[in-house]
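Structure record follows, encoded as structure tokens.
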Amino acid sequence: MSNFYNQAKFEISVAAIKQLPPEQGYEVAFAGRSNAGKSSAINALTGRRSLARTSKTPGRTQHLNFFRMDEQRALVDLPGYGYAKVPESVKRQWYELIDNYLSNRQILSGIVLIMDSRHPFGRSDQQIIDWAVAGSLPLHVLLSKADKLGSNQRANTLREVRKQLTSLGIDTSTQLFSATQPIGLEELRATLDGWLHVGE
Ligand SMILES: Nc1nc2c(ncn2[C@@H]2O[C@H](COP(=O)(O)OP(=O)(O)OP(=O)(O)O)[C@@H](O)[C@H]2O)c(=O)[nH]1
Ligand SMILES: [Mg+2]
């Protein structure tokens, strides 16, 4: 079935803040550890199997990748974090770019934090949460790869993660998600529709 997100097109890969598209309309950022399933979630959402991967050439992993549905609305794939082998200088570069973007982007409507449902809350995930709190940005947590969990584990993980997020003092929501099975896509769309003012 066709939907608003099917229109998404790769717009730009940004390595420095000065390359950002003009601040117009609304943006949503997708953040998460490397391998958590960010690209897969964007592809599932947009119904485009290789949209997020098309921009993923080696050396570009430290960039912010923009996927635009229309003049007013874009999804932003933030660089994945958590590679133990990445040199300190690259980690610092990652931190500065993300910090600058998340702290200063006026049109940012919310952050989707993607965490592998089998091991949520890594150290860098906490950093993303801190940015959301600092900027009073709504946070939507996707517990990815839920297809790899049994139904009891799913329910337990969801409850635990929700419990940990309630004390933050910002607008948070948490859901199970799978890019390979029909779990959570409608729920994700509904959240993004609200943040991006789709249909208004
Ligand atoms: N079973 C299952 N595998 C998934 C799911 N989502 C992603 N994967 C797999 O997990 C691996 C990483 O997924 P990506 O979407 O590339 O992860 P990413 O967060 O974009 O990683 P970086 O681009 O390195 O930051 C791939 O092999 C995907 O096929 C899911 O919901 N279920
Ligand atoms: Mg990716």
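Miscellaneous remarks
- Calculated FRET value between N152 and R123, using beta carbons and R₀ = 25 Å, to 0.05: 0.35
- The peptide list 109-118, 158-167, put in order of mean Cβ contacts within 10 Å with the highest first, becomes 109-118, 158-167.
- Theoretical gain in end-to-end length, N104 to Q24 [0.36 nm per residue, Cα-Cα removed]: 27.4 nm
- DSSP beta bridge pairing in the chain, given as percent antiparallel to the nearest 5: 30 percent
- The number of Lys pairs in region 4-195 with C-alpha atoms less than 23 Å apart, excluding pairs fewer than 8 positions apart on the same chain, is 15.
- About the Cα centre, charge dipole magnitude for region 4-195 (Lys/Arg +1, Asp/Glu -1 at Cβ), debye: 680 debye
- Radius 11 Å from Cβ of A41, net charge of other residues (Lys, Arg +1; Asp, Glu -1): +1
- Cα→Cβ-extended label distance, 7 Å offset, between Q181 and A134, nm: 3.8 nm
- Between R49 and E71, the C-beta separation translates, for a Förster distance of 25 Å, into a calculated FRET efficiency of about 0.50.
- Equivalent-ellipsoid semi-axes for region 63-200 (Cα gyration tensor, √(5λ), whole Å, largest first): 23, 20, 15.
Since every read-out is calculated from the coordinates, none of them should be taken as a lab result. All of these numbers come straight from a predicted model, not from anything done at the bench. No Cβ is skipped: glycine too gets one built from the backbone with ideal geometry, and neighbour counts run over all protein chains shown.
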